[in-house]
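Following: one structure in structure tokens, then a few remarks.
Every number here is computed from the coordinates shown, using simple stated rules; none is lab data. This one's a predicted model, so the numbers in the text were calculated from it and none came from an experiment. Cβ placement follows ideal geometry from the backbone for every residue including glycine, while neighbour counts extend to all protein chains displayed.
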Amino acid sequence: MNFMASKQPENSLLGPESDSQRTLYPYVTGTSVVALKYKDGILMAADMGGSYGSTLRYKNVERMKAIGKHSLLGASGEISDFQEILRYLDELILYDNMWDDGNSLGPKEVHNYLTRVMYNRRNKFNPLWNSLVLGGIKNGQKYLGTVSMIGVNFEDNHVATGFGNHLARPILRQEWHENLSFEDGVRLLEKCMRVLLYRDRSAINKLQIAKITEEGMTISQPYSLKTYWEFSAFENPTQGAVGSW
Amino acid sequence: MPKQQANWSPYDNNGGSCVAIAGADYCVIAADTRMSTGYNILTRDYSKICKLADKCVMASSGFQADVKALQKHLAARHLIYQHQHNKQMSCPAMAQLLSNTLYYKRFFPYYSFNVLGGLDNEGKGCVFTYDAVGSYEKVGYSSQGSGSTLIMPFLDNQLKSPSPLLLPVQDAVTPLAEAEAVDLVKTVFASASERDIYTGDKLEIVVINADGIRREYMDLRKD
């Protein structure tokens, strides 16, 4: 006699932790995030695309969010995992505020928390499929760090995720310097985002630049970059097909 | 549907080299500050060296997230030890703790290649060298990490360690002066940076002696 159909799927000899519950691959993804320290704080840029494999499914995804009073989080990778991380951080900031003791979590603390979360999920073989950029400023101290889906983390004067590591970091290594003005910082970020737009297949021409200073976080309205396609190599691109880009 | 294989690896190698040399009354621990992944450099200014106790310093290379977790774990254990015993952990004691901690994760290892350096209870330099699962040995000098295959033979040549099989047991600690040992470390890293792509950018040197702990930096090739 069949009482109840088993709720466990076939491969559940492992017990309650069935494989169907683990992340295998990402579905809706965001591409690079680029960020740098400048005179008054941190500048961060990310486009607004959410790709579903090779389809550009969502074109209004905000991949940068303010965390508490002092931090700014940007994410690439699986968008749903980013939303889950925002829920974790909401709770973290809520409990921090509930102490009502005049103290608040700074970017260093939030970055450390995120690193622990990402590493622990990796230990359980169920990663949050994101590369995160955490920037902020507290009491005059600027902070900019990054953490990957397996928990690799570090801080630096400029960071990037995904393709940004290949295309933006070299530009930043050449042109970044201490105490960049706001205008220079934005110009530098736009230079990086333009290269990514030309060369990253998943990038779209709709981006936001976020700024965080002691005064707080502001995020620009979405805008697009001017691009130039009149190079002769772009005319009739299949002409020199063999060995051409 | 057949069981899906994971298409991600929980491990990564973030590269770098570490060295430690023990002297009669000092210990030199050094590591480069480059952090890489694949053929990319993530950052040129990342410290692989961690002070675990007053006279005990660890340098680790390998998978950075595991190294960080290991450092945090040992620092926490040291704090508990201080609360319970009202004193600092000695270097040999920390050496055993590190070994046990690594073996605890024998079946999902910390991908961390460590050298532990410091002064023992008599103030003499000591160096312990490890593999990823906790096998360890007290030695006069050691290197670990991506450049170790280049560095170790050179140290063997310069420091002329006596065979550990000889009787009576001979001291492996080097008779070199502190300044000479630091110079040797600088030479060794400059050479390793030439041929190991994962070693370079900057060298961080920590020296422990009776006066305390001193830190020194040297630029290395950035390519």
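Can you return the aspartates and glutamates within cross-link range of B:Lys160? Criterion is Cα-Cα under 15 Å, with same-chain partners fewer than 8 residues away left out. The qualifying aspartates and glutamates are B:Asp171, B:Glu180. In sequence order, the range B:84-100 has phi-based couplings of 7, 10, 6, 7, 6, 6, 6, 4, x, 5, 5, 4, 5, 4, 4, 4, 5 Hz under the Karplus curve 6.51 cos²θ - 1.76 cosθ + 1.60, θ = phi - 60°, and Gly or Pro positions carry x. Of A:Tyr95, A:Tyr223, A:Tyr198, which is the most mobile in a GNM of chain A whose springs link Cα atoms less than 10 angstrom apart? Top of the fluctuation ranking is A:Tyr95. Computed over chain B, relative contact order equals 27 percent, with contacts defined as Cα pairs under 8 Å that lie 6+ residues apart.
Using the structure shown, list the pairs from A:Lys39/B:Lys202; A:Lys108/B:Lys51; A:Lys206/B:Lys3; A:Lys108/B:Lys124 with a Cα-Cα distance above 31 Å, or answer none. From A:Lys39/B:Lys202; A:Lys108/B:Lys51; A:Lys206/B:Lys3; A:Lys108/B:Lys124, over 31 Å: A:Lys206/B:Lys3; A:Lys108/B:Lys124. Per-residue Karplus couplings for the range B:181-192, computed as 6.51 cos²θ - 1.76 cosθ + 1.60 with θ equal to phi - 60°, are listed in order as 5, 5, 5, 4, 4, 5, 4, 5, 6, 4, 5, 4 Hz, Gly and Pro entered as x. If only the Cβ of Lys and Arg carry +1 and only the Cβ of Asp and Glu carry -1, the dipole of the range B:36-82 around its Cα centre is close to 80 debye.
Residue order for B:Met152, A:Met98, fewest other beta carbons within 10 angstrom first, comes to A:Met98, B:Met152. Taking the inverse of the mean reciprocal distance over all distinct Cα pairs, the Kirkwood hydrodynamic radius of the range B:107-182 comes to 13.9 Å.
Cross-link partners for B:Lys55 among the aspartates and glutamates, with Cα-Cα distance under 19 Å and sequence neighbours closer than 8 places in the same chain left out: B:Asp25, B:Asp120, B:Glu122, B:Glu137, B:Glu178, B:Glu204, B:Asp211, B:Glu216.
Here chain A is treated with +1 on each Lys and Arg Cβ and -1 on each Asp and Glu Cβ, and its dipole about the Cα centre works out to around 420 debye.
When the charge dipole of the protein assembly as shown is built from unit charges on Cβ atoms (+1 for Lys and Arg, -1 for Asp and Glu) and taken about the Cα centre, the candidate among B:Gln88, A:Val28, A:Tyr119 whose Cα reaches farthest toward its positive end is A:Val28. Other residues with beta-carbon under 15 Å from the beta-carbon of B:Leu176 carry, at +1 per Lys or Arg and -1 per Asp or Glu, a net charge of -3.
First select every other residue whose beta carbon is under 12 angstrom from the beta carbon of A:Asp96; then total the charges, Lys and Arg +1, Asp and Glu -1. Net charge around A:Asp96: -4. Normalised by 2.2 N^0.38 Å, with N the number of residues, the alpha-carbon radius of gyration of chain A equals 1.16. Counting beta carbons within 10 Å around each of A:Glu78, A:Glu62 and listing the fewest first gives the order A:Glu62, A:Glu78.
Which length gain, in nm to one decimal place, applies between A:Glu214 and A:Gln21 when the Cα-Cα distance is subtracted from 0.36 nm times their residue separation?
Net length gain for the segment: 65.3 nm.
Karplus-derived 3J(HN,Hα) values for the range A:44-60, using 6.51 cos²θ - 1.76 cosθ + 1.60 with θ = phi - 60°, are 9, 10, 7, 7, 10, x, x, 8, 10, x, 8, 8, 8, 7, 10, 10, 9 Hz; glycine and proline are entered as x. Computed from the Cβ-Cβ distance with R0 of 35 Å, the FRET efficiency linking A:Lys226 to B:Tyr11 stands at 0.25. Working from label points 7 Å from Cα in the Cα-to-Cβ sense, the B:Glu216 to A:Asn139 distance is 3.4 nm.
Determine, for B:Glu180, A:Glu91, the number of other Cβ atoms within 10 Å of each Cβ, and report the residues in order from fewest to most.
Ranking B:Glu180, A:Glu91 by Cβ neighbours within 10 Å, fewest first, gives A:Glu91, B:Glu180.
Each Lys or Arg adds one and each Asp or Glu takes one away; over the other residues whose Cβ falls under 12 Å from the Cβ of A:Arg87, this sums to -3. Per-residue shielding of A:149-158, expressed as the average number of other chain Cβ atoms within 10 Å of the residue Cβ, stands at 6. Straight-distance candidates among the aspartates and glutamates for linking to A:Lys59, with alpha-carbon spacing under 13 Å and chain neighbours fewer than 8 residues away dropped: A:Asp47.
The simple spin-label model puts a point 7 Å past each Cα toward its Cβ; for B:Lys160 and B:Asp45 those points are separated by 4.3 nm.
Under a model in which nothing but the beta-carbon of Lys, Arg (+1) and Asp, Glu (-1) is charged, chain B shows a dipole of about 780 debye around its Cα centre.
Could you bin all the Cα-Cα distances of chain B into 5 Å bins starting at 0 and give me the percent of pairs in each, rounded to whole numbers? The percentages, shortest bin first, are 1, 7, 15, 19, 19, 16, 11, 6, 2, 1, 1, 0, 0, 0.
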